[in-house]
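Participant: One structure is given below, represented as structure tokens, and several questions about it will come after.
Where a number appears in this text, it was derived from the coordinates with a stated rule and is not lab data. Note that the structure is a prediction, hence the values are computed from the model and not measured. Quick reminder, even Gly has a Cβ in these numbers, built from the backbone with ideal geometry, and neighbours come from all protein chains shown.
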Amino acid sequence: MSQGLAKIRAALDAQPPYCSGTCEIPFKQSMLFYNTATSGTRKIDLLSPTQHQLESLHAACQFTAHANEHVGTSKGVSACRLDAAVFATQFSLGNSGLADVVGQALFEGMTDRRDIRFELYELNIHSAGSFVRPRKNSTAISGKIFGFLDIVFPIPHIGGICTLRNDEREWHIDFATMMSERRGPFVGYAAYFNEVEREIGSIISGHRLMLSYKLYFASVGESSSATISAPGPFELSLKTALAELVNDSKVLPHGGYLAFGLRHQYSVSSGMRVDTLRSCLKGSDAIVTRVLDRLNLPWSLRVLYRDGLRGCYAEQTFVLYKFISDLSQRGLMWSHWGAGEKMGPGAEFVRFVDEFGNDDEKRAGDYDKQQEDVVDIIQVTEIPSVTNLHSQYLAYGNEVTTGNLFGDICLVAEVPAKVPRLP
């Protein structure tokens, strides 16, 4: 790997998929009201609850837990919860300033026309011995939802380390210690993207009371005007590294593409045009697009397809396509067809090369039939992407066999030619 690509990947690796900390809140935002099965409506002061208030809330949550299959040891959760429909709180993300803090931390230096919405969806109370096993939130399948926010109130407790995992890395958040080191009205928080796995260790003593929010982008009609912010150091270092790469006369001298594997998960469906995900990009994926815009490099979202059929008539080729293709719905196909022929018009053949124009041996292909139409492409970041696709199909030649079409949704930037191609 060249020094230029190493700098780009290092810049992208510097941004974790979460943020956490503490935030001061007004005293007047500390009350929570909830319904019980036997005693009607009750209230609890989230900043300074009594032991009786905590036990009463825990009992109300236990009743809900037994009545709702979402919570229970069979789901890997040994804690109690209340749905947002059965409680109300004076706590406000907007008044506390946390909405801005989380938005700026997850989308460093954002210049964004999409407003972030926070939807309160549950309360959890963890007592001694309760825990949450490693899991990703099942509600993240929605196309709008891009992450989650946990708010922890300063109730004394020991244990319950929060562990976040993503892409073979993990981070630990010790809310118990965080709470013990501060005084005054405040809350702890952790916001993370929806592909992050969360685990909460066992509570040794005391109680942890936590509000959980879904994070999603507002629809076009709901969004307010753009919020302009200065780019952060992470974005500036990425811009410098990318500019050095594309301005190098030896890199893609005849033009071509830079391919960035997406680092976050997105909701996709068969037949969709993947460029419609532009308004959903998050984290480092969104930052890459802003850097490309500042460098005046056109970009789009495409599916990079590789045909997994092996046989005497089939050779590996790579194509870029604008749509998600499911070949399992197309019936039998000739085994000697390339990936582009199987998908139809609009498929663009690409050849993987390194920064100096040499064939990438890991992705060698047979392009004899399309030599003049093949575009050089450099893999800048990891591929396969986090958002990837797979479909199977039946192909026939000498015999019927099963083929596999693998696809990765990538962010593709167009690099203009520096020298004319010889005829």
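Participant: In what sequence, highest mean first, do 190-200, 296-306, 19-29 appear when ranked by Cβ atoms within 10 angstrom? Numbers along the way, then the final one.
Facilitator: Working: 190-200: 21.8, 296-306: 19.5, 19-29: 16.0.
Listed from highest to lowest mean packing, they are 190-200, 296-306, 19-29.
Participant: What length, rounded to one decimal in nm, is gained on full extension from ASP354 through to GLN51, with 0.36 nm per residue of separation minus their alpha-carbon distance? Working shown, then result.
Facilitator: Values: separation 303, 0.36 × 303 = 109.08 nm, distance 6.40 nm.
The span from ASP354 to GLN51 would gain 102.7 nm if fully extended.
Participant: Which order, highest average first, do 81-89, 283-291, 180-188, 319-327 follow once you tally other Cβ atoms within 10 Å for each residue and take the mean per peptide? Intermediate values should be presented prior to the final figure.
Facilitator: Working: 81-89: 16.9, 283-291: 22.7, 180-188: 15.2, 319-327: 19.6.
Going by the mean number of other Cβ atoms within 10 Å, highest first, we get 283-291, 319-327, 81-89, 180-188.
Participant: Also, quick follow-up: Using 28 Å as the Cα-Cα cut-off, could you pick out the over-long pairs in LYS239/LYS282; LYS7/LYS136; LYS7/LYS282; LYS7/LYS418; LYS136/LYS362; LYS362/LYS418? Intermediate results must be reported in sequence, preceding the final value.
Facilitator: On the way: LYS239/LYS282 17 Å; LYS7/LYS136 31 Å; LYS7/LYS282 21 Å; LYS7/LYS418 23 Å; LYS136/LYS362 32 Å; LYS362/LYS418 26 Å.
Too far apart for the 28 Å limit: LYS7/LYS136; LYS136/LYS362.
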